[in-house]
Amino acid sequence: MIRTQNLKKHFGSVLAVQDVSFSAADGTVTGLLGPNGAGKTTSLRMIYGLVKPDSGKIEVDGHDAVANPLAAQACLGVLPDQSGLYPRLTPREHIRYFANLQGITGDELERRMQTWLDLLDLKAMADRRVGGFSHGERTKVAMARALIHNPQNVVLDEPTNGLDVVSTRTVREVIRRLKGENRCVLFSSHVMQEVSALCDRIVVIARGRVVAEGTAEELLATTGKTSLEDAFVTLVGPQGEAA
Amino acid sequence: MNLSRMIVVARKELTDGLRDKRAIYTILFSTLFGPLFVAFMFNQLAGNERAAQEIKVPVVGKTNGPILVNWLEQQPGVEVVDGPAHPEAAVRDRSVDFVLVIEKEFAEKFRDSRPAPVQVVSDSTRQLTGAKVKRLQTLLRRFSGEIGGLRLMARGVSPMIASALKVEDIEVASAAQRAATIFNFIPLFVIAAAFSTGMQIATDATAGERERLSLEPLLINPVPRWQLVGGKWLAAAIAALVGMAATLAITAYVLSRLSLEDLGVRFHLGLPECLFLFAALSPMALVAPALQVYLACFAKTFKEAQSYMAYLLLGAMMPGLLATFYPIADKAWMRPLPLLGQYVLATEFLGGKTPSALALIAAAVVALLVVALFLWLATRLFYSEKIIFGR
């Protein structure tokens, strides 16, 4: 369960996030939809404790993420917008590193490692250095490493950005599986189709504010449009660079 | 205090770092360069000593002064050979080190008890032959003095009258002493090893992490940031300690293969000496990576960080380099300072005095405080949004 309330953040003179409040429930896939530069990544970074909000509240499974970021981080699995892998390490070593940092070791780690390598189809390349991996392969390694500790809440920042069809499909399957396990999945995207295909609830962000929130049907009803794309364009306004 | 996360980070950084070819080359180069340089210097010194004792004197115009030639041949370690046809050209093109020319009127003037002309052709810009030329000139002065004395005695005058001064040469820079200045290179290279062997890991784990954009995912793990910084430092410090120990061990081995006794060197770099030097200098293997981790955080790329590291290494070597020209004055204010304190301790030990355990401990404690300070500063940087995301 992730809840944010009146988040605000500026960088220098730029107000990146003005007022963001939403909640993402367990067993639900919540999509953060907005044009580039709307404040999606900054909002997510505040949730996973790397950016301190100027004001506002964040709660992750009841932990105050602003006052106690480590407690919030312990309930989170995060795939940031850059996979950020170590070219000289193998997928297995990446997963083991983050698992150890989470306090998972020994047989438990090996068991989970096998599960994720299978699930993400990484087995054949598990002991090759990631230096030469494709973008899709890298994303999958980053995903396995972020989810090895079975977090209750999963945050994915544009996970399918730039992926080919097969990799996109794998990522979608993982998201559905997480939902099936009653986890809270929050993911951001600027791609309409992605959000409508996966999300139970959609939070639309534009210019640092939440402009609408609800199911796809609710968004259509509020805007009075027949296609989600039209609804999106209406919601983010003419300045938004809709995808 | 649970340090397990710090060890997890250190293990990863060491695995990652040792797969980096650049790191391996740097470690090899920096641990081998010092010992080989010291060995080279000793060899040069030994070579010069031997060369000055045994000289080959090319003489032009042997028949003009057989008395001088005979006298020279009787001196120990002197061999007279035929000189080249064009002495000056031969010295200039370095086919010979120097030439003694006995001129035609030598015999006639010698017979008449007038100064008999000889020439010593040499090139003063060639430093390596200086000792040989000096030896020849000393021999010639002695010959001149002996003959002059004999002539005065033949005339019933005491040769003492002709000597207004009694000059005694006391050479301070004896071979043994010059050998001691070479010993001062050892702490220099050991400290340089502390700065250069951990350097790649320290930069790759910080600036490299920023460059690869892997800092963000790392910081999302619920681990206190001081443990992340501490782990990165620990990995670099382990590499620096190993580099330092290797440099000392290789130096000791190389020196054991050289016969330093011939140079009048009594100091022996054995296991107890190595252990003492390691104890005195190892705090630098903790300080250097702490400084490097902190500084490299400011760099956006590995390359940028390396340019900072080069200046740091140069700065660290500066006191040692200066010390080989001017001996480090053991001022009280130097002892508690990191780096200078370590140099002073090592130089003192190599000079034959063993510093007290208290002095060692005091220097180590100060060094640890410096480590703590820089790790604290680096941890603060790990909280900066500019450092985490700034590109």
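Relative to one another, the C-alpha centroids of segment A:175-189 and segment B:210-239 are positioned 29 Å apart. Taken along the Cα-to-beta-carbon direction at a fixed 7 Å, the label points for residue B:128 and residue B:304 span 4.6 nm.
Once you reduce segment A:1-67 and segment B:72-141 to the center of their Cα atoms, the two points are 91 Å from each other.
Phi angles of segment B:268-280 translate, via the Karplus equation with coefficients 6.51, -1.76, 1.60 and θ = phi - 60°, into HN-Hα couplings of 10, 8, x, 4, x, 5, 4, 5, 5, 4, 5, 5, 6 Hz per residue; Gly and Pro are given as x. Remark on segment B:333-391: Rg and Dmax equal 17.0, 53 Å (Cα only).
Suppose we look only past 17 Å in the calculated P(r) of segment A:64-155. What percent of the Cα-Cα pairs does that tail hold?
On the way: 1994 of 4186 pairs.
Of all Cα-Cα distances in segment A:64-155, 48 percent exceed 17 Å.
Based on C-alpha pairs under 8 angstrom that are at least 6 apart in sequence, chain A has a relative contact order of 28 percent. Just to verify a number: FRET efficiency for residue B:95 and residue B:267, C-beta to C-beta distance, R0 = 56 Å, to 0.05? Step by step, r from the Cβ atoms, then E = 0.90. Each residue in A:105, B:247, B:379 was given a count of other beta-carbon atoms within 10 angstrom of its own, and listing them fewest first yields A:105, B:379, B:247. Efficiency by 1/(1 + (r/R0)^6): what FRET value for residue B:311 and residue B:33, r their Cβ-Cβ distance, R0 = 25 Å, to the nearest 0.05? My answer for the efficiency is 0.85.
Look at A:13, B:384 and count the other Cβ atoms within 10 Å of each Cβ; fewest to most, that gives A:13, B:384.
Taking 0.36 nm per residue of separation and subtracting the Cα-Cα distance, full extension of the segment from residue B:356 to residue B:144 would add 70.8 nm.
Hey, what did chain B get for relative contact order, percent, Cα under 8 Å, at least 6 apart? All intermediate terms of the calculation are to be shown ahead of the outcome.
On the way: 504 pairs, mean separation 83.6, N = 391.
The normalised contact order for chain B reaches 21 percent.
Average 1/r across all pairs of distinct alpha carbons in the protein assembly as shown, invert it, and you get the Kirkwood radius: 30.4 Å.
For segment B:103-113, 3J(HN,Hα) computed residue by residue from phi via the Karplus equation (6.51, -1.76, 1.60; θ = phi - 60°) reads 7, 4, 7, 4, 4, 5, 5, 4, 4, 7, 6 Hz, glycine and proline entered as x. Comparing mean-square fluctuations of A:211, A:154, A:185 from a GNM of chain A with C-alpha springs under 10 Å, the top value falls on A:211.
Rounded, prolate or oblate for segment B:92-163? Axes are the square roots of the Cα gyration tensor eigenvalues, ordered a ≥ b ≥ c, and the cut-off for rounded is a/c under 1.5. Verdict is oblate for segment B:92-163. Relative to its residue count, segment A:22-109 spans a Cα convex hull of 142 Å³ per residue. One way to sum up the overall shape of segment B:215-275 is the equivalent ellipsoid from its Cα gyration tensor, whose semi-axes run 44, 9, 6 Å, largest first. Approximating the spin labels as points 7 Å out from Cα along Cα→Cβ, the residue B:168-to-residue B:53 distance works out to 2.3 nm.
What does the net charge come to around residue A:3 if you take all other residues with beta carbon closer than 9 Å to its beta carbon, with K and R at +1 and D and E at -1? If you can, show how the numbers build up before the last one.
Values: positive: A:57; negative: A:59.
Combined, the nearby Lys, Arg, Asp and Glu give 0.
Distance check, please: which entries in B:232/B:303; B:303/B:386; A:40/B:12 exceed 30 angstrom between their Cα atoms? Over 30 Å Cα-Cα: A:40/B:12.
Which percentage, to the nearest 5, of the DSSP beta bridges contained in the protein assembly as shown is antiparallel? Write out the running numbers ahead of the final one.
On the way: 23 of 50 bridges.
For the protein assembly as shown, the DSSP antiparallel bridge percentage is about 45.
What area, in nm² and to one decimal, does the C-alpha convex hull of segment A:1-40 cast on average over all directions? Provide the component values of the computation, followed by the final result.
On the way: hull surface 12.3 nm².
With every direction weighted equally, the projected area is 3.1 nm².
Dimensions of chain B based on its C-alpha atoms, expressed as ranges along the principal axes with the largest first, amount to 102, 45, 32 Å.
Taking other C-beta atoms within 10 Å as the exposure proxy, A:45, B:257 rank B:257, A:45 from fewest upward.
Under the definition of Cα pairs under 8 Å and six or more residues apart, what whole-number percent is the relative contact order of segment B:1-147? Provide the component values of the computation, followed by the final result.
On the way: 137 pairs, mean separation 28.7, N = 147.
Computed value for segment B:1-147: 19 percent relative contact order.
Plainly put, segment A:91-236 has a radius of gyration that is 1.05 times its Kirkwood radius, both from alpha-carbon atoms, as the Rg/Rh ratio. Pick from B:312, B:248, B:128 the residue whose mean-square fluctuation is largest in a GNM of chain B, springs joining Cα atoms under 10 Å. Comparing B:312, B:248, B:128 in a Gaussian network model of chain B, the most mobile one is B:128.
Out of every Cα-Cα pair that segment B:245-377 contains, those further apart than 24 angstrom amount to 38 percent. With the simple spin-label model, which puts each label point 7 Å out from Cα in the Cβ direction, the residue A:52 to residue B:22 separation comes to 3.3 nm. The trypsin sites (Lys or Arg not before Pro) of segment B:46-142 that meet both conditions, a loop assignment by DSSP and at most 16 other Cβ atoms within 10 Å of the site Cβ, are B:94, B:104, B:126.
No value in this document is a laboratory result; all are computed from the given coordinates. Everything numeric in this text was worked out from a predicted model, so none of it was measured. Cβ sites come from the backbone with ideal geometry, for glycine too, and all protein chains shown count toward neighbours.
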